[in-house]
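Please read the structure below before turning to the comments.
Every number here is computed from the coordinates shown, using simple stated rules; none is lab data. Predicted model, so just to flag it, every value in this text is computed and none were measured. Ideal geometry is used to build each Cβ from the backbone, glycine not excepted, and the neighbour counts take in all protein chains shown.
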Amino acid sequence: MEVFKSLADDFFALSPDRRRSVQFTLCQHALEKWHVFTKTYDRIEFVETVVGTRQLVDKLLPFDALASARQGSDSGSVAKRYLELVTAMQDDDLSFPENINFAYYAIYNLFNKYAQEQAVDDWLIVNQALSSELDRAAWDVLLSSAIYRAKLEPES
């Protein structure tokens with residue numbers, strides 16, 4: 001009798017290169033959620049409460065972060081550009097719908113792992129990227145599809 005394995009087990013059974021592929025596939029989905037959300041606004045602003053200044057959200061930052069993560073380097077000063085926005089989100093000066101927060105953080109953590117070479121848990125990125133999808137029933141499909149695609153890719 002075959003023992004049932006969860007999708008998380010399937011993910012962790014992958015090589016590091018294939019786990020990376022799954023993360024990028026899922027973060028691409030998260031980026032699409034971010035893009036759909038932000039294109040409905042001409043500008044997204046927030047007030048930084050410590051100084052009281054009005055700040056503009058860089059809607060292209062997650063796009064640049066994903067590109068930098070793919071390149072394995074911080075092109076475009078992404079790390080510096082994230083500082084104020086992440087702080088604003090943590091200080092509740094800036095808030096997005098929960099799924100958009102997850103999309104934003106998934107891409108941020110992907111950037112930190114692959115462009116900044118920081119220790120970021122592999123499953124955290126997967127979990128956050130999946131959580132960018134409002135339809136929880138789609139999570140299994142998204143993850144299983146990403147795993148399947150990763151298995152088809154040649155190992156590097």
### Stretchable slack from A119 to D9, in nm (0.36 nm times residue separation minus alpha-carbon distance)
37.6 nm
### Query
Residue by residue through segment 14-29, which ³J(HN,Hα) values in whole Hz follow from phi under the Karplus form 6.51 cos²θ - 1.76 cosθ + 1.60 (θ = phi - 60°), with glycine and proline marked x?
6, 5, x, 4, 6, 4, 4, 4, 4, 4, 5, 4, 5, 6, 5, 5
### Task
Please turn the phi angles of segment 82-91 into ³J(HN,Hα) values with the Karplus equation 6.51 cos²θ - 1.76 cosθ + 1.60 (θ = phi - 60°), one per residue in order, whole Hz, x for glycine and proline.
6, 3, 5, 5, 5, 4, 4, 5, 5, 8
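Shape verdict for segment 108-156, please, from the Cα gyration tensor: rounded (a/c under 1.5), prolate (a/b greater than b/c) or oblate. Walk me through the numbers before you get to the answer.
Working: a/c = 3.06, a/b = 1.19, b/c = 2.57.
The shape class here is oblate.
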#### Entry: Cα centroid separation, segment 4-25 to segment 53-113 (Å)
24
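What shape does segment 66-156 have by the C-alpha gyration tensor, where a ≥ b ≥ c are the square roots of the eigenvalues, rounded means a/c under 1.5, and otherwise prolate means a/b greater than b/c and oblate the rest?
Numbers: a/c = 2.68, a/b = 1.20, b/c = 2.23.
Oblate.
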### Message
Using only the alpha carbons of the chain, what is the convex hull's orientation-averaged projected area in square nanometres?
### Response
10.4
### Task
On a 0 to 90° scale, report how tilted helix 137-152 is relative to the longest principal axis of the chain, with both axes built from alpha carbons and the result rounded to the nearest 10.
60
### Candidate lysines - alpha carbon under 16 Å from K80, same-chain residues fewer than 8 apart omitted
K59, K113
### Query
Among 27-35, 105-113, how do they line up from the highest to the lowest mean number of other beta-carbon atoms within 10 Å?
105-113, 27-35
